[in-house]
Amino acid sequence: MAFALAARSYRASLCVLFCILAASEVGVLRCTATLGINYGQVGNDLPAPAQVVSLLSSLRISKVRIYDVNPQVLAAFAGTGIELIVTVPNDLVQPMAASPGQALQWVTASLRPYFPATRVTGIAVGNEVLTDVDEALKASLVPAMRNLHAALAQLGMDGYVHVSTANSLAVLATSYPPSQGTFTAEVAPLMAQFLKFLADTNAPFWINAYPYFAYKDDPTRVSLDYALSDPFHVGAVDPYSRLQYTSMLYAQVDAVTFAAARLGYGGVPVYVSETGWPSKGDTDEVGASVENARAYNRNLLLRQAANEGTPLRPRQRLEVYLFALFNEDMKPGPTSERNYGLYQPDGRMVYNVGLVQQSTSAASLSLATSPATRTDMKENFGGLCLLSSMAILLISQAFLLR
C-alpha cells in the first residue's frame, strides 16, 4: 500500500513538472546535456556541414549521430564540443572482422586526424546488422567490434570512444509486456556475444525504436496517446512487474533491458539511437501527420527536460537521439521515409517542436505555447526556476518514499 501511494505520488509530481514546462509562457530550459539528434545526409539539397554545425550550435544541441565518417562533417564539428557518434557502413563490417589491420587503418585514417578536436564519443558498427538477412555479416559483427576496440586501445582512444551498434527492435521476439521481453531465437546466440562485449567495454546497447510503426500497423488497438508518449495518458501497467508505462517508447526500451537480463546482462544501459515520427506519409500510412510528429517529438523533449528515466530505471535518464534533423529527399521507400526531419533542407522548420535558435549562451529549448521575447524571458525566468525547483523537490520526496 505504501509503495502504491509513493508511486502515485511520484507520477503526480512528475505531471506537475510536465505542466510547468508545457504551460509556462517562458518555458526555456537548458537541455543541452540530454538532447541528441540524427544528422542524415541522403539528400541532394542539404546545407553544407559548416551551416549544419552553426544550426546545431545555435540550438545548443550537444549530441549528434551521423551515418558515415565524412571528412567535411568531421572537420566542421572540430572545436564545437558537440559529441559525435560515427558509423562504420555495413559493407566494411566483414573486412574489419577479418583483419585487425583493416580496423586499425580505418581508425587511423578516418578518426585519428580529427580527434580530439572533433569530439567523437562512439562508433556504431553497421546499422541493424543482427536482423539483416546476410548470415556472414551478422557473424562478423562482434569480431569487427573487437578489432575496432583494439585499434582504439592501440591509439590511446579507447577511454574516450565506445564501440557498439544500432539494433532494430525486431531483435525482440516479445516486447509486451516489457517484463516479458525476450530476444528472438535467431539472434540470441550472437546477442549473448554482443552483450558480453558491451559489458566488458562499458558500452551501451543502442536500439532504433519507432512507436509510429506499431500505431500505423494497428491503429484500432494501439492507443495514439500512448504511442505519442503523452505524459498525461493513463498508460498501461505491466501485470508482472506492476510498473506503469505512459510511453510506448519507454516500454520498448525496458523490454530490451529485461531481454538482456535474461541473458545475464541486465546491467548494460539501453539507449535510443533513433526514434521519430513522420510529418507526411502515403494514404496507407496512418498517423503520419504534422500534428502527430510535433506531439511525439515535443513529448520526448518534455521528458528529456525532466531527466526522466524509464519505469524500470527511473533514476537513470534515458538517452535519446531524435530522427532526424532534416527531411532527406533521396531516401527510398514510402513518403514517410523522406519526412522525419524537424527542418527542411533550406533551414525552415517543418513544424515548431519548441527548439529555438539562440545567439547567446541562453537555453536552447523553448517549450512555450507561444513565442516570448528576450525581455519576457529575463523577467520570468526566475519564477520558472522556482516553480521547477518545487516540482523537482516533490519528485525527490516521492522517490524517498519509494
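Find the helices (runs of 4 or more DSSP H) located wholly in segment 89-161 whose residues include 2 or more that are touching an Asp or Glu at 6+ places or on another chain (Cβ under 7 Å), and list them. Once the helices (runs of 4 or more DSSP H) in segment 89-161 are filtered for at least 2 residues that are touching an Asp or Glu at 6+ places or on another chain (Cβ under 7 Å), what remains is 135-154.
Filter segment 319-332 down to residues that are closer than 19 Å to Glu291 by Cβ and either of a type in the set (A, V, I, L, M, F, W, C) or modelled with pLDDT under 95 (or both) and give me whichever is surrounded by the most Cβ atoms within 10 Å (Cβ to Cβ). The extreme case among them is Leu322. Listed by first and then second residue, the pairs linking a residue in segment 149-173 that is aromatic (Phe, Trp, Tyr) to a residue that is open to solvent by 10 Å² or more (accessible area, probe 1.4 Å), with Cβ atoms under 8 Å apart and 6 or more places separating them unless they lie on different chains, are Tyr160/Phe115; Tyr160/Pro116; Tyr160/Thr121. Between Thr373, Thr335, the distinction of being modelled with pLDDT under 90 and open to solvent by 20 Å² or more (accessible area, probe 1.4 Å) belongs to Thr373 only. Where residues in segment 213-242 are touching a strand residue (DSSP E or B) at 6+ places or on another chain (Cβ under 8 Å) and farther than 25 Å from Leu322 by Cβ, which of them is most open to solvent (accessible area, probe 1.4 Å)? Looking at residues that are touching a strand residue (DSSP E or B) at 6+ places or on another chain (Cβ under 8 Å) and farther than 25 Å from Leu322 by Cβ, I get Val237. The criterion of being at positive phi and at pLDDT below 95 holds for Gly235.
Checking each residue in segment 251-293 for being open to solvent by 10 Å² or more (accessible area, probe 1.4 Å) and under 15 Å from Ile37 (Cα atoms) picks out Tyr271, Glu274. Somewhere in segment 211-231, is a residue within 30 Å of Arg294 (Cα to Cα), of a type in the set (Lys, Arg) and free of Cβ contacts under 8 Å to residues at least 12 places away in the same chain? Within segment 211-231, one or more residues are within 30 Å of Arg294 (Cα to Cα), of a type in the set (Lys, Arg) and free of Cβ contacts under 8 Å to residues at least 12 places away in the same chain. When residues in segment 16-65 are screened for being surrounded by fewer than 22 Cβ atoms within 10 Å (Cβ to Cβ), modelled with pLDDT under 50 and not in a helix (DSSP H, G or I), 6 of them pass. The residue of segment 294-318 that is most open to solvent (accessible area, probe 1.4 Å), among those that are part of a loop (DSSP other than H, G, I, E, B) and more than 22 Å from Pro177 (Cβ to Cβ), is Asn307. Scanning segment 200-212 for residues that are under 20 Å from the mean Cα position of the chain (by Cα) and surrounded by 15 or more Cβ atoms within 10 Å (Cβ to Cβ) turns up Ala203, Pro204, Phe205, Trp206, Ile207, Asn208, Ala209, Tyr210, Pro211, Tyr212. Scanning segment 84-103 for residues that are open to solvent by 40 Å² or more (accessible area, probe 1.4 Å) and within 21 Å of Ser273 (Cα to Cα) yields Pro89, Asn90, Asp91, Leu92.
What are the pairs, 6+ residues apart or on separate chains, where a residue within segment 234-255 that is within 19 Å of Gly266 (Cα to Cα) has its Cβ under 6 Å from a residue that is aromatic (Phe, Trp, Tyr) and open to solvent by less than 40 Å² (accessible area, probe 1.4 Å)? Within 6 Å, the pairs are Ala251/Tyr245. Within the option set Thr165, Thr131, Thr108, being within 29 Å of Val53 (Cβ to Cβ) and within 21 Å of the chain's Cα centre (by Cα) holds for one residue only, Thr165. Within segment 66-83, being aliphatic (A, V, I, L, M), open to solvent by less than 40 Å² (accessible area, probe 1.4 Å) and more than 18 Å from Val163 (Cβ to Cβ) holds for Val73, Ala76, Ile82. Among the residues of segment 274-290, those identified as outside any loop (DSSP other than H, G, I, E, B) and closer than 21 Å to Tyr250 by Cα are Glu274, Thr275. For segment 104-134, how many residues are among the aliphatic types (A, V, I, L, M) and surrounded by fewer than 19 Cβ atoms within 10 Å (Cβ to Cβ)? So the count comes out to 3.
The values are calculated or read from the model by the stated rules, or taken from the named source; none is laboratory data. All figures in this text were calculated on a predicted structure; none of them were measured in a lab. All Cβ positions, glycine included, derive from the backbone under ideal geometry; neighbour counts span all protein chains shown. Keep in mind that these areas ignore ligands, DNA and RNA; they rest on the heavy atoms of the full protein, side chains included. Shrake-Rupley method; radii C 1.70, N 1.55, O 1.52, S 1.80 Å.
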